[in-house]
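Asks: Could you have a look at this structure, given as structure tokens, before my questions?
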Amino acid sequence: MVTLNWNASLELDFAPIDDLHRQLVTQMANVEDCDDPELVQEWAKLVDCAQALFEREDAWMHTTRFASAPNHSLQHRVVLNLLREGLGMARAGQSDRVRAMSVELAHWLSKHIQSLDAALALHLRAHPEACQPLLH
């Protein structure tokens with residue numbers, strides 16, 4: 001069973017961020033759906049996906065001088081470090097711990113999107129030039 005499905009509560013109506021979030025939620029589902037032998041590979045993809053998302057958001061915040069950037073970026077760094085620790089646990093065969101981490105990640109991400117990322121999306125609407133490479 002997938003802990004977090006893409007739904008209206010995660011939609012920020014700002015395509016550059018929503019597209020990245022959808023990718024992360026999809027990879028989280030891949031992690032939850034995989035068997036233990038594939039967990040290392042899928043978790044590594046999750047780490048890469050989260051890193052790409054966080055780097056993009058951090059770049060936008062830096063470029064546009066987003067006031068809440070320090071707190072927002074700190075959460076990104078903490079979560080990315082935890083995900084990397086999870087990769088080590090997966091490699092050590094600690095599948096149960098990694099799967100529990102996946103559930104916690106889903107809870108965190110939902111709250112993060114609805115609070116910090118919602119504020120960022122609102123801010124970026126006033127700075128569309130910062131997101132030009134990803135606008136459709």
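Asks: Taking only the range 52-71 into account, find how many residues are surrounded by fewer than 16 Cβ atoms within 10 Å (Cβ to Cβ) and basic (Lys, Arg).
Replies: Step one: of the range 52-71, the residues surrounded by fewer than 16 Cβ atoms within 10 Å (Cβ to Cβ) are 52, 55, 59, 62-63, 65, 67-68, 70-71.
Checking which are basic (Lys, Arg) leaves us with 65.
Summing the residues that are surrounded by fewer than 16 Cβ atoms within 10 Å (Cβ to Cβ) and basic (Lys, Arg) in the range 52-71 gives 1.
Asks: Within the range 1-44, count every residue that is of a type outside the set (Ser, Thr, Tyr), out of contact with any Phe, Trp or Tyr (no Cβ under 6 Å at 6 or more places or on another chain) and closer than 16 Å to Ala118 by Cβ.
Replies: Count: 16.
Asks: Could you check the range 72-87 and list, in sequence order, the residues that are surrounded by 13 or more Cβ atoms within 10 Å (Cβ to Cβ) and not charged (D, E, K, R)?
Replies: His72, Ser73, Gln75, His76, Val79, Leu80, Leu82, Leu83, Gly86, Leu87
Asks: Which of the residues spanning the range 107-132 are touching a residue at least 60 places away in the same chain (Cβ under 8 Å) and either touching a Cys at 6+ places or on another chain (Cβ under 9 Å) or basic (Lys, Arg) (or both)?
Replies: Leu124, Arg125 - these are the residues of the range 107-132 that are touching a residue at least 60 places away in the same chain (Cβ under 8 Å) and either touching a Cys at 6+ places or on another chain (Cβ under 9 Å) or basic (Lys, Arg) (or both).
Asks: Hey, can you tell me all the residues within the range 6-47 that are over 20 Å from Val79 (Cβ atoms), not charged (D, E, K, R) and not in a helix (DSSP H, G or I)?
Replies: Correct list: Asn7, Phe14, Cys34.
Asks: Which one of these does Arg22 not meet: (1) farther than 22 Å from Arg125 by Cα; (2) in contact (Cβ under 8 Å) with a residue 12 or more places away in the chain?
Replies: (1)
All of the numbers you see were taken from the coordinates with simple rules; none came from a lab. All of these numbers come straight from a predicted model, not from anything done at the bench. Ideal geometry is used to build each Cβ from the backbone, glycine not excepted, and the neighbour counts take in all protein chains shown.
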